Structure formats: structure tokens, C-alpha cells
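Structure record follows, encoded as C-alpha cells.
Every number here is computed from the coordinates shown, using simple stated rules; none is lab data. Predicted model, so just to flag it, every value in this text is computed and none were measured. Ideal geometry is used to build each Cβ from the backbone, glycine not excepted, and the neighbour counts take in all protein chains shown.
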Amino acid sequence: MPDPVSEAHRPLQVYLDTNHWHYLAAALAGHPRQHSDVEVLLQLQRLVLHGAIHLPLSAVHYFEIEETPSDRRRREVADVVLRLSQFRTIAPPHLVIEAELEQALHELYGHPVVPKPLEIFGFGSGFAMGRHMSGRVESSSGGELSQQQRVQFEAALRMSVADFEAWANVVAEHWLLVGPNRENANQIPGYNPYGARELVRTALVGLNVMSANLRNDPDLSRRPKDVIFARQLADDLYGIFGKVLLRAGLVGGDYPFQTKEDYTALLLAMPSRIAVAEVQLAYHRYLRRDWTINDARDMMSVSVAVPYCDVFVADKQVWDAVVNRTDLSKRFSSVVLRNLAELGDWLTVSGIGTKGTTT
């Protein structure tokens, strides 16, 4: 039988919810939650080694791992992330939205003529957060190394500058995930392991206002998707929409949006907005409580994992929303699973058949 790994045309992109990273970490550390986690860990290690799969991290992973109170568990997660993700990362929602918006305007109206490329996958926490954070070796004055300095540096370390920079950045990424010991954290000025929660509080307010309006206003409750799309325009695209329209030259007399249908067509041309809208609609129909920070982070994960990854191993709530209450899996030809055991079974049965990949 031919080896499906050697015949794959591109790696499978597999997005794991943070809790599944914790399960793999426990398996690697020798105290697995269940024996099947060890089997899946070994399976994933082999596939990563052969370049058959990538396991990208998102900003949500960095936030949630930092919030893990146990120093030991953070170290264990950092170790398994180093081994399996190799610090491959996925772009943050705001940059995905900006690129999708340019692509959608180009498709619908021909402007901008050259839309921003959609770069979904990259390396390092900087890419996941949407800012450059990789370190490099510089001279004492802060500029590029001279040729003489480079030769001296490489002779002293017995490795190239590029290899040293790659090693140092991996070490820094690992340290970032491990974080400071909680005993010492209060001695670091301004350090707050829960500081990232402020990034979603504004979105959370908007989600709860939307939810209250849908529950309490009879007119709005009859057209929930209109309300969901309106919130996306007001919140998710806030600060991006005008900038992109100006860059595309679609302002003044050329402003193309005259009706609700025009805005809806635009959002329906943006994969991340479709995924989020459908899951928010599902949440609205069965959640009987206010939205939480975890719910808001679910939307961040869904926006990139469902349309852009081949496989999404979600938590139970997201899995139920995507698999049982929407057609997103079919629409984006993605596989959405609920636990590591299902992932192991699927990888075995499928032979790693993926979107755009032959086996």
C-alpha cells in the first residue's frame, strides 16, 4: 500500500481547541487523561515529522494558555506545542477580515484592483497577534551586522546567524507560553495573565446587546440574521471598513452600498463572517444566558478554523453548533470533530484525504 504521507500534495491544517492541547500535553508528560490520547499523540508526532500535517496556534491559544494557573501545566503545554505545532500560527481575525474585505470588494465591484493577499498561515506569536515580534541579531548601534561582525559571531558560536536567530526565536516562543512562575508574577510591573480578556470585552458587550435585542424585540427576533450582520458591520468591521473603502477608491459618488442587500452580499462574500454569523445564530437559538468571554473567543476560533483549516477539533459547544445546527462543514468542505479520539480515527480511516490533497 502506498504511504499517504509521501503522496500528499500539501500539509493538512488541523486546528485544535485549547483543551485538546492540554490533553496532548498530559499525554506527553506521562499522565494521560486516557490511553487513546497517547495513541493520538504518537500519530500526530509521526505526521508532523513527515510534514503531512500542521497544527497552527491562534491568538486564542496564547491567551488561554497564559491564563492556565498551574506552572506545571503551562510548561507541559509549551513542550507539546513546541513538538507538534513548531510554532506555526494562524492570522488573527482582524487581519483576516481586512484581507477578506478587500477580496470581496474586488470580486463584487472590481476595486481595489489589486486586493490585499489573504495570508492565513505563518510562524510565531507575532503572526498570530498581527504584529512583528521575531528577534534578530543586530550590531551594538542597532543596525545590520557588518560582514566582519557576522564572521566573528559565527566563528564564536559555530553556527550561522540565521540558525542562531531561528534557535533564539524558538526558545523565546517557548518561554512566552510557559510564562513567569505565578509566585513571582506579582513582582513584574504591569503583568496580568488575564490582561488579554480586555481585548474581547468590547465584542462581548456588543454580543450581549445583540442577544438582548433578539430576545426582547419581537420585530428583530423574526429576522435574527439581519441583526447578526448589523452587529458585524458595527463591531467586527469597525475601524476597518472605512479604511479599506478609502484604499479601494469606493467613496463619495462611487460608494456602492445603498441597501441592506448590498451590505449582506458583501458579508456573504467573506468566509470568516459567514462562519461567525451561522454559529452566532445557532448560539442565539439555544443559549439561554448572557454571552461569556469564552463564547466571544469561540467566535475568534470559528472565524479562522472552520473556513481555512481542513480539520477543526472543537469543544463540545462549538462542535454541536457547527455540526448539528449549521451546514458550515459542508459549505467549507471542512471536518469538525469533538475529541482527540475522533481525530485519530478520522486520520486513520481517511488516509489524510484533504481539501486539495490527494492520497
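Note on the range 280-359: enclosed helices (runs of 4 or more DSSP H) holding 1 or more residues that are of a type in the set (Val, Ile, Thr) and within 27 Å of TYR62 (Cβ to Cβ) are 293-308, 316-319.
Yes/no per residue for (1) of a type in the set (Phe, Trp, Tyr); (2) under 22 Å from MET300 (Cβ atoms):
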position	(1), (2)
ASN216	no, no
PHE241	yes, yes
ARG247	no, no
LEU250	no, no
ALA275	no, yes
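Within the range 77-121, the residues that satisfy the criterion of being of a type in the set (A, V, I, L, M, F, W, C) and part of a loop (DSSP other than H, G, I, E, B) are PHE87, ALA91, VAL113, VAL114, LEU118, ILE120. Could you tell me whether ALA234 is surrounded by 16 or more Cβ atoms within 10 Å (Cβ to Cβ), in contact (Cβ under 8 Å) with a residue 24 or more places away in the chain and small (Gly, Ala, Ser)? The answer is no for ALA234. Within the range 43-63, residues that are over 23 Å from ASP315 (Cα atoms) sit with their Cβ atoms under 6 Å from residues that are hydrophobic (A, V, I, L, M, F, W, C) and assigned to a helix (DSSP H, G or I), at 6+ positions apart or across chains, in these pairs: HIS50/VAL5; ALA52/VAL5.
Regarding VAL251, is this residue more than 25 Å from VAL209 (Cα to Cα) and among the β-branched types (Val, Ile, Thr)? The answer is yes for VAL251. Restricting the first member to the range 180-206 and to residues that are under 14 Å from TYR62 (Cα atoms), and the second to residues that are acidic (Asp, Glu), the beta-carbon pairs closer than 6 Å and six or more apart or on different chains are PRO193/GLU66; PRO193/GLU67; TYR194/GLU67. PHE229 meets each of the listed conditions (1) outside any helix (DSSP H, G or I); (2) within 28 Å of the chain's Cα centre (by Cα); (3) not acidic (Asp, Glu) apart from (1).
Only one of the numbered conditions (1) more than 25 Å from LEU328 (Cα to Cα); (2) touching a helix residue (DSSP H, G or I) at 6+ places or on another chain (Cβ under 7 Å) is violated by ASP236, and that is (1). Checked against (1) more than 21 Å from the chain's Cα centre (by Cα); (2) farther than 21 Å from ARG201 by Cα; (3) crowded, with 18+ Cβ neighbours inside 10 Å, VAL251 passes all but a single condition, namely (3).
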